[in-house]
Amino acid sequence: MIRHIVMWSVRGATPEEKSANIAKLQASFHSLRGRVPGLLHLEVGVDHSRVDYACDVVLVSDFESQAALDAYATHPEHLRVKQEVGDMRIARHQVDYRVE
């Protein structure tokens, strides 16, 4: 199994705008559940620490194999979500690792 973790800092000129963008990002990624072959688990978490070095949102997803994760990168549903949230982010970090 491959765990795919992505963290974002989200754009927002006001706290309300930032919260709205975070909610849209959450909804967009939750919409992938059951639509991507090999995607076993998906969770989206929102930071509540508010420390200056924290990211705003984390995506933790598990894929049955590296091939499933590779296919996810070009899956139409994932591409749709990337387009929906593309301009909301101001930073992105990623880690992928094998889970035994």
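The values are calculated or read from the model by the stated rules, or taken from the named source; none is laboratory data. The model shown is predicted, which means the values in this text are computed figures rather than measured ones. Cβ: placed from backbone, ideal geometry, glycine included. Neighbour counts: every protein chain shown. Side chains included, ligands, DNA and RNA excluded: accessible areas come from the protein's heavy atoms. Shrake-Rupley method; radii C 1.70, N 1.55, O 1.52, S 1.80 Å.
Quick one: in segment 72-100, of everything that is of a type in the set (Gly, Ala, Ser) and exposed (fewer than 11 other Cβ atoms within 10 Å of the Cβ), which residue is modelled with the lowest pLDDT? I'd like the intermediate steps shown before the answer.
Start the filter on segment 72-100 by keeping residues that are of a type in the set (Gly, Ala, Ser), which leaves 73, 86, 91.
Filter once more, so that each one left must be exposed (fewer than 11 other Cβ atoms within 10 Å of the Cβ): 73, 86.
On the way: ALA73: 96, GLY86: 86.
For segment 72-100, the residue satisfying everything is GLY86.
So the check is Cβ under 7 Å with 6+ separation or different chains; which pairs have a first residue in segment 72-84 that's farther than 10 Å from SER28 by Cβ and assigned to a helix (DSSP H, G or I) and a second one that's open to solvent by 50 Å² or more (accessible area, probe 1.4 Å) and aliphatic (A, V, I, L, M)?
none
What residue, of LEU25, LEU32, LEU69, LEU59, is surrounded by 13 or more Cβ atoms within 10 Å (Cβ to Cβ) and either hydroxyl-bearing (Ser, Thr, Tyr) or over 12 Å from the mean Cα position of the chain (by Cα) (or both)? Please lay out each step first, then the result.
Details: LEU25 fails: either hydroxyl-bearing (Ser, Thr, Tyr) or over 12 Å from the mean Cα position of the chain (by Cα) (or both); LEU32 fails: either hydroxyl-bearing (Ser, Thr, Tyr) or over 12 Å from the mean Cα position of the chain (by Cα) (or both); LEU59 fails: either hydroxyl-bearing (Ser, Thr, Tyr) or over 12 Å from the mean Cα position of the chain (by Cα) (or both).
Criteria check complete, one pass: LEU69.
Look at SER65 and say whether it is within 21 Å of VAL99 (Cα to Cα), hydroxyl-bearing (Ser, Thr, Tyr) and touching a residue at least 60 places away in the same chain (Cβ under 8 Å).
Numbers: within 21 Å of VAL99 (Cα to Cα): yes; hydroxyl-bearing (Ser, Thr, Tyr): yes; touching a residue at least 60 places away in the same chain (Cβ under 8 Å): yes.
Yes, satisfied.
Would you call ASP52 of a type outside the set (Lys, Arg) and either part of a helix (DSSP H, G or I) or open to solvent by less than 50 Å² (accessible area, probe 1.4 Å) (or both)? Walk me through it before giving the result.
On the way: of a type outside the set (Lys, Arg): yes; either part of a helix (DSSP H, G or I) or open to solvent by less than 50 Å² (accessible area, probe 1.4 Å) (or both): no.
Considered against the rule, which asks whether it is of a type outside the set (Lys, Arg) and either part of a helix (DSSP H, G or I) or open to solvent by less than 50 Å² (accessible area, probe 1.4 Å) (or both), ASP52 comes out as no.
Let me confirm something: among ASP47, ASP62, which residue is touching a strand residue (DSSP E or B) at 6+ places or on another chain (Cβ under 6 Å), at pLDDT 95 or above and not β-branched (Val, Ile, Thr)? Can you show your working first?
Numbers: ASP47 fails: touching a strand residue (DSSP E or B) at 6+ places or on another chain (Cβ under 6 Å).
Sole residue among the options that is touching a strand residue (DSSP E or B) at 6+ places or on another chain (Cβ under 6 Å), at pLDDT 95 or above and not β-branched (Val, Ile, Thr): ASP62.
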